[in-house]
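In what follows, a structure is listed as structure tokens, so that the remarks can point back to it.
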Amino acid sequence: MIDMKNNQITGTLFIVSAPSGTGKTSLVNALVRDTNHLKLSISHTTRKPRPKEIDGYNYHFITEDKFKQMAMAGVFMESANVFGNWYGTSQETVQKMLAEGHDVVLEIDWQGAEQIKKRFPDAISIFILPPSIQALQDRLESRGQDSEEVIQTRMTKAIAELKHYHKADFLVVNDVFEDALKGLKAIIKANRMSTAKQEVLNQELIQQLID
């Protein structure tokens, strides 16, 4: 995005959505690790931390009462209930990073993605697809964290979520991890090479070339 008043580049908001088990968290973490000036927005959630998850790094883990208080105060730019737990994104935190010129990526479900796109139509949405339904189930089972009943519930919800793929601006299939990661990086790079942004970054050069 371009701040026309100050002729400065502000960051772009990227939304990455996918059903549970597609590997979106691993992809997003690798994308942020490998991409300069790309920040991950850390969501707030009422669910309990999983093994090895760290408060403030993976999520801000809070109580349901605290979440409701923050929601009532208008803290969240989007929120959704997923498998009985609430998730929300802090609007102030995201807007601060964007204003500083950082691109920001949100890892949220399709409900949150729809909320964001309505409020921020310039946001770029990306949907991650699994290579097959069987691969999706295999990945959920390989976690070793959920019962068979929970896995089947997640599978039913995942299949329903896949029907929303067409609402995204870009689709990336996570079959081979490195190929999927390259696809995500290409989307970020292409956005940064837009004429509008390059005009600001290379203003002096362009003037020299065309004057």
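Somewhere in segment 23-31, is a residue modelled with pLDDT under 95, outside any helix (DSSP H, G or I) and either at negative phi or out of contact with any Asp or Glu (no Cβ under 6 Å at 6 or more places or on another chain) (or both)? Checking segment 23-31: at least one residue is modelled with pLDDT under 95, outside any helix (DSSP H, G or I) and either at negative phi or out of contact with any Asp or Glu (no Cβ under 6 Å at 6 or more places or on another chain) (or both). Answer yes or no as to whether Q145 is of a type in the set (S, T, N, Q), in a helix (DSSP H, G or I), out of contact with any Leu (no Cβ under 9 Å at 6 or more places or on another chain) and modelled with pLDDT under 95. Here the answer is no, as Q145 does not meet what is asked. Summed over segment 99-127, residues that are assigned to a helix (DSSP H, G or I) and surrounded by fewer than 20 Cβ atoms within 10 Å (Cβ to Cβ) total 7.
Of the residues making up segment 120-140, just one is over 18 Å from Y165 (Cα atoms) and in contact with an Asp or Glu (Cβ under 8 Å, 6 or more places away or on another chain), namely L140. From the list T93, T46, T89, the lone residue that is modelled with pLDDT of 90 or more and buried (at least 20 other Cβ atoms within 10 Å of the Cβ) is T89.
When you scan segment 128-151, how many residues do you find that are over 19 Å from A168 (Cα atoms), touching a helix residue (DSSP H, G or I) at 6+ places or on another chain (Cβ under 9 Å) and surrounded by 14 or more Cβ atoms within 10 Å (Cβ to Cβ)? Final tally of qualifying residues: 6.
Only residues that are in contact with a strand residue (DSSP E or B) (Cβ under 9 Å, 6 or more places away or on another chain), among the aliphatic types (A, V, I, L, M) and more than 21 Å from V28 (Cβ to Cβ) were counted across segment 63-98, and they come to 3.
The values are calculated or read from the model by the stated rules, or taken from the named source; none is laboratory data. Quantities reported herein were computed from a predicted structural model and do not represent experimental measurements. All Cβ positions, even for glycine, are placed from backbone atoms using ideal geometry, and neighbour counts span all protein chains on display.
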